[in-house]
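First the structure, in the form of structure tokens, and then the observations on it.
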Amino acid sequence: MMANSAQADEPIIGHASVVDGDTIEIAGERIQFSGVDAPEGWQVCLDEKGLDYRCGKEAASALDAFLAGSRPTRCEFVKRDRYGRFVGTCFRADGKDVNRWLVETGNAIDREGHNNGVYADAQATARSAGAGIWRSQFGQSCPAPRGRVNRKPMC
């Protein structure tokens, strides 16, 4: 399948490689999912028993399996972020919204401040079902301190 380069607002279509729970790469273009935020790859959360688990790694693995279920992936352009990354809404070949799936399954949270709560209903569903990060003591996870993106946790 041929991938388009990210020109203006053209979609990018191709085989997606998972970078982390809310970022993929298609044809050399990093794509940040719009309106969602997943734990960082190194991030640790507390499970229902209060034990540490690698919630960031779990989110990335779940995303990889979901994308493998229906290829290629198509991402529609929303904007470029301050790092120059493509920010978009992505869909599997079967039409399933990847961004929404991440929030519905509890592998990411709705970034209300960035999308006017477009995935708030999906988050409420995941939270009430105790899915993904919501099965844990999520508010007590090891957060990514400011300026520590892509670095080891401090906790």
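The values are calculated or read from the model by the stated rules, or taken from the named source; none is laboratory data. Since this is a predicted model, take the numbers as computed values, not measurements. Here Cβ is always computed from backbone atoms with ideal geometry, including for glycine, and neighbour counts include all displayed protein chains. Quick note on the areas: whole protein, heavy atoms, side chains included, nothing else; ligands and nucleic acids left out. Shrake-Rupley method; radii C 1.70, N 1.55, O 1.52, S 1.80 Å.
Descriptive notes on the structure:
- The range 1-130: C-alpha gyration tensor shape, a/c 1.5 cut-off, then a/b vs b/c: prolate
- For the range 19-109, the per residue solvent-accessible surface stands at 43 Å², with DNA, RNA and ligands left out and a 1.4 Å probe.
- Within the accessible area of the range 8-122, the carbon and sulfur atoms contribute 46%, probe 1.4 Å, all protein chains present.
- Loop-located GluC sites (Glu not before Pro) in the range 1-91 (DSSP state other than H, G, I, E, B) with a sparse environment of at most 13 neighbouring Cβ atoms within 10 Å: Glu48.
- For Thr89, the residues whose modelled amide H falls within less than 5 Å of its own, excluding neighbours fewer than 5 places apart on the same chain, are Ser34, Glu76, Val78.
- The listed peptides 31-38, 13-20, ordered by packing as a protection proxy, come out as 31-38, 13-20 (highest mean of other Cβ atoms within 10 Å first).
- Candidates per trypsin sites (Lys or Arg not before Pro) in the range 59-124, loop by DSSP, up to 12 other Cβ within 10 Å: Arg82
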